[in-house]
1. Looking at the chain as a GNM with Cα springs under 10 Å, which of Arg13, Arg219, Arg187 has the largest mean-square fluctuation?
2. Taking the Cα centre as origin and putting +1 on Lys and Arg beta-carbons and -1 on Asp and Glu beta-carbons, what dipole magnitude results for the chain, to the nearest 20 debye?
3. Just to confirm, what accessible area per residue do you get for the stretch 65-205 at 1.4 Å probe, in whole Å²?
4. Which one is right for this structure if mean projected area of the Cα convex hull in nm² is calculated from it: (i) 14.8; (ii) 16.8; (iii) 11.9?
5. Quick one: if you stick a label point 7 Å off each Cα along the C-beta vector at Glu128 and Ala195, how many nm between them?
6. For the chain, what proportion of DSSP beta bridges, expressed in % and rounded to the nearest 5, is antiparallel?
7. Connecting C-alpha atoms closer than 10 Å in a GNM of the chain, tell me which of Gln155, Gln176, Gln225 has the biggest fluctuation.
8. Given springs between every Cα pair under 10 Å in a Gaussian network model of the chain, which of Val138, Val158, Val146 has the largest fluctuation?
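The values are calculated or read from the model by the stated rules, or taken from the named source; none is laboratory data. Since the model is a prediction, treat every value here as computed from it, not as a measurement. Note that each Cβ is placed from the backbone with ideal geometry, even for glycine, and that neighbours are counted across all protein chains shown. Ligands, DNA and RNA are stripped out before the accessible areas are found, and what is left, the full protein with its side chains, is counted by its heavy atoms. Shrake-Rupley method; radii C 1.70, N 1.55, O 1.52, S 1.80 Å.
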Amino acid sequence: MPDLHYIEKGKGRPLVLLHAFPVDCRIWNHQIDALSDQYRVIAIDLPGFGKSPPIENFTVDSVALAVHGQLKKMNALPCLLAGLSLGGYVALPFYQQCPTDVQALILIDTRACGDTAEGKKNRDNLIEQADRCGPQAVVDAMMPKVLSDQTVLAQPHVVETVRKMMQDCAVGTMKQALTAMRDRPDRTGLLASIAEPVLIIAGQCDGVTPPAEVEKMRREIPHAQVAIIPDAGHYSPVENPGAVNAALRGFLQGL
């Protein structure tokens, strides 16, 4: 397995950050800067994203194994594991495959259930658009969904940062990831067995994984805390980093 690209800063317990679709590890810049005073923060580019080489068989499970292999090479296990959206879909099989290597789990703007029939159809439509019109079609479809209205109005620099990251993503990676998200298994049944502390973070205005989804997960997980982030949509770590960092720090210090 080729090395995955990552950004690393700080010393202490490894805090691993897995990004959303279709961005890369730069989505975590605020968290890397803020939390590296106490933790060894490692933000990884998933295969094919950012500066990481692609892999042929891209599923959320194979990506979880690739991330685990990278962390093993870095002597960064066990770790505190956080996943945003797609990163959360990867964090759950990572925990399922290697529970003793996860000391705490942080699920951000994500869900445990699989795609609905409508969700699968939407993924197929987006794959078809990417084939027909190229990666910009995916960027155009995703941008209105991932940021809250408040972010769009008040933080144009965040809008541009996110757009640029999306535009840097290769169309082949987009199609691989859309297929993997469409075909990922429902992991709701795993939640009751998670023995480690869990923090669930959700943007108050997240229309992709709304707070109702968070409540579903909270009911299933034995030791879950919840933080709802105001003025944030699906990419809460970049929309309201102060509130996300405070939630992360409070949770981690309580471990």
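1. Looking only at Arg13, Arg219, Arg187, the biggest GNM fluctuation is shown by Arg219.
2. 400
3. 41
4. (iii)
5. 4.7
6. About 15 percent, rounded to the nearest 5.
7. Gln155
8. In the Gaussian network model the winner is Val158.
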